[in-house]
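Here, each number is a calculation from the coordinates, and none is a lab measurement. Here the structure is a predicted model, which means the values were calculated and not measured. Because the Cβ atoms are built from the backbone with ideal geometry, glycine has one as well, and the counts that use them run over all protein chains shown.
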Amino acid sequence: MTPLIVQKVPLLDISRQEKPILPELNEAVQKVLASGMYVLGPETLRLEQNLMQYTQAQYAVACASGSEALLMALMACDLKPGDEVIVPSFTFFATASAVARLGGIPIFADINPDTWNLDAADAARKITARTKAIIPVHLFGQTADMDAIQDLADAHHLVVIEDAAQSIGAEYYNKKLQKSVRAGTLGHIGCFSFYPTKNLGACGDGGALTTNDDILSDKLRKLRNHGMEPRYYHNIIGINGRLDAFQAAVLNVKFSYLDTWCAQRQKNAMLYHELFTAAGLTEKIQLPAYPKTGRHVWNQYSICIPDGKRDALRDFLSSKNIGTEIYYPMGLHEQECFQYLKCSDAELPVTHKVSRSIMAIPIFPGITYEEQAYIVDAISEFYVKS
Ligand SMILES: *Cc1c(COP(=O)(O)O)cnc(C)c1O
């Protein structure tokens, strides 16, 4: 094989996505600048309409970030100090910190070893009389096992808050309805993030909530603006969770490209599967599972290197100028700030194991065939040498 000449493959290159649409983005930002409406306003309303249409949710409330979305979702459900909320330990910090910030108790559940999403059976074991809600995370772009989670929630009267921060556009095939349903409409409230690394990324922070419940929708809208209605009258305590209009304008431009970018991510994922299989690497590394029904939107393409060689492989790829990242290097139950919860590794064996072996490789829209082949070749070379 002739060696491929590739300069550098970053984990994510946002500029490749943005370059072709820079004139459009510029125009949208200039319009906001000229309008003098910098917070909420018509661009935010249009974003909410785009979100309703795209997720098929009846209501959408844009907000300042995915973290604020999670916090507001729990506030809207009247989470009280001492209430327990089941969350996966293998997720981004905000899933659990939102619970703790309200005085709630995050109860960490383990994950499925193939999908790395919440293990409903382990969640079931952790339900008590104090359990108020469950937050399934649709990790890396793939929906959690929602039928099982919904059954649990129904049986125990739990609120289901989806952390769809990484999964806008992901679909879950609902066996009862016999159709695919989009992330954000699978529970009571869906939470989205528009942090720049997400599939729909702002040029700054942004987030949103979706729901089919009109009472929750009204409450979320109010919570976003200090519980204020009418102006300077507050009957509930909210936060400043407002979105700025520049971000809304950027997101409205990017919305029309989201499905094209999604399709590119899916194509890139399938190419990795082919390349890893052709290279005979599937015995050595665990590829990400994906559903035969539904829709995976591949915010990340993570692989597991189960033989203790993950960090050595990561160093090797770094020496070849290939960007990687570890989502996540440990379970949240291991974080210093959550030690008071006294949750041991023995309780979460899959989370512990996966966090020590997982690694994300580049999958962004715009990565070339040559770059993906270069990455797989480099991984092959590592295994020949070690
Ligand atoms: C990004 C992310 C969040 C937080 O979103 P921000 O917009 O960064 O506040 C929450 N949960 C998960 C799973 C995420 O990936």
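Taking 7 Å steps out from each Cα toward its Cβ at His273 and Ser256 produces label points 3.2 nm apart.
Charge tally for Ala28 (other residues, Cβ to Cβ under 14 Å; Lys, Arg +1; Asp, Glu -1): -2.
In the chain, the DSSP-assigned H stretches of four residues or longer account for a calculated mean residue ellipticity at 222 nm of -11500 deg cm²/dmol, using -39500 (n - 2.57) per stretch and the full residue count as denominator.
If you put +1 on each Lys and Arg Cβ and -1 on each Asp and Glu Cβ, how big is the dipole of the range 3-152 around its Cα centre, in Debye rounded to 20?
360
Judged by the mean number of other Cβ atoms found within 10 Å, the most tightly packed of the peptides 107-118, 19-30 leads the ranking 107-118, 19-30. Rounded, prolate or oblate for the chain? Axes are the square roots of the Cα gyration tensor eigenvalues, ordered a ≥ b ≥ c, and the cut-off for rounded is a/c under 1.5. Oblate, because a/c is 1.5 or more while a/b does not exceed b/c.
Taking all Cα pairs closer than 8 Å and separated by 6 or more residues, the relative contact order of the chain comes to 22 percent. Please report, to two decimal places, log10 I(q)/I(0) for the range 78-205 at q = 0.11, 0.13, 0.17, 0.18 Å⁻¹ as given by the Debye formula with identical point scatterers on the Cα atoms and no solvent. Values returned for q = 0.11, 0.13, 0.17, 0.18 Å⁻¹ are -0.35, -0.49, -0.84, -0.94. Put in order of Cβ neighbour count within 10 Å, fewest first, the listed residues Phe90, Phe316, Phe140 become Phe316, Phe140, Phe90. Taking a straight Cα-Cα cut-off under 17 Å and skipping sequence neighbours fewer than 8 places away in the same chain, the aspartates and glutamates within cross-link reach of Lys254 are Asp13, Glu18, Glu24, Glu27, Glu43, Glu48, Asp205, Asp244. Panel order for Glu84, Glu325, by other beta carbons found within 10 Å of each beta carbon, from fewest to most: Glu325, Glu84. Net length available on complete extension from Ser344 to Ser15 is 114.3 nm, with 0.36 nm assigned per residue and the Cα-Cα distance removed.
Only sites in a loop by DSSP and with at most 12 other Cβ atoms within 10 Å count here; which trypsin sites (Lys or Arg not before Pro) in the range 294-377 make the cut? Answer by residue number: Lys342.
Taken as Cα centroids, the range 325-386 and the range 13-30 sit 31 Å apart, rounded to the nearest whole angstrom. Inter-part distance, the range 39-117 to the range 184-220, computed on C-alpha centroids, equals 7 Å. Listed peptides 203-211, 329-337, 172-180 appear in the order 203-211, 329-337, 172-180 once ranked by packing, highest mean of other Cβ atoms within 10 Å at the front. Shape class for the range 140-263: oblate, because the ratio a/c of the largest to smallest gyration tensor axis (alpha-carbon atoms, square roots of eigenvalues) is 1.5 or more and b/c is at least a/b. Extension gain, Glu229-Lys31: 0.36 nm per intervening residue step, less the Cα-Cα distance, totals 68.4 nm.
How would the range 248-386 be classified by its alpha-carbon gyration tensor: rounded, prolate or oblate, with rounded meaning a/c under 1.5 and the a/b versus b/c comparison settling the rest? Taking the square roots of the gyration eigenvalues as a ≥ b ≥ c, the range 248-386 is oblate. Residues Thr55, Thr95, ranked from the fewest to the most other C-beta atoms within 10 Å, line up as Thr55, Thr95.
Label point of Glu24 set 7 angstrom out along Cα-Cβ; within the range 243-260, amide nitrogens under 20 Å from it belong to 245-260. Placing +1 on the Cβ of every Lys and Arg and -1 on the Cβ of every Asp and Glu, with no other charges, gives the chain a dipole of roughly 320 debye about its Cα centre.
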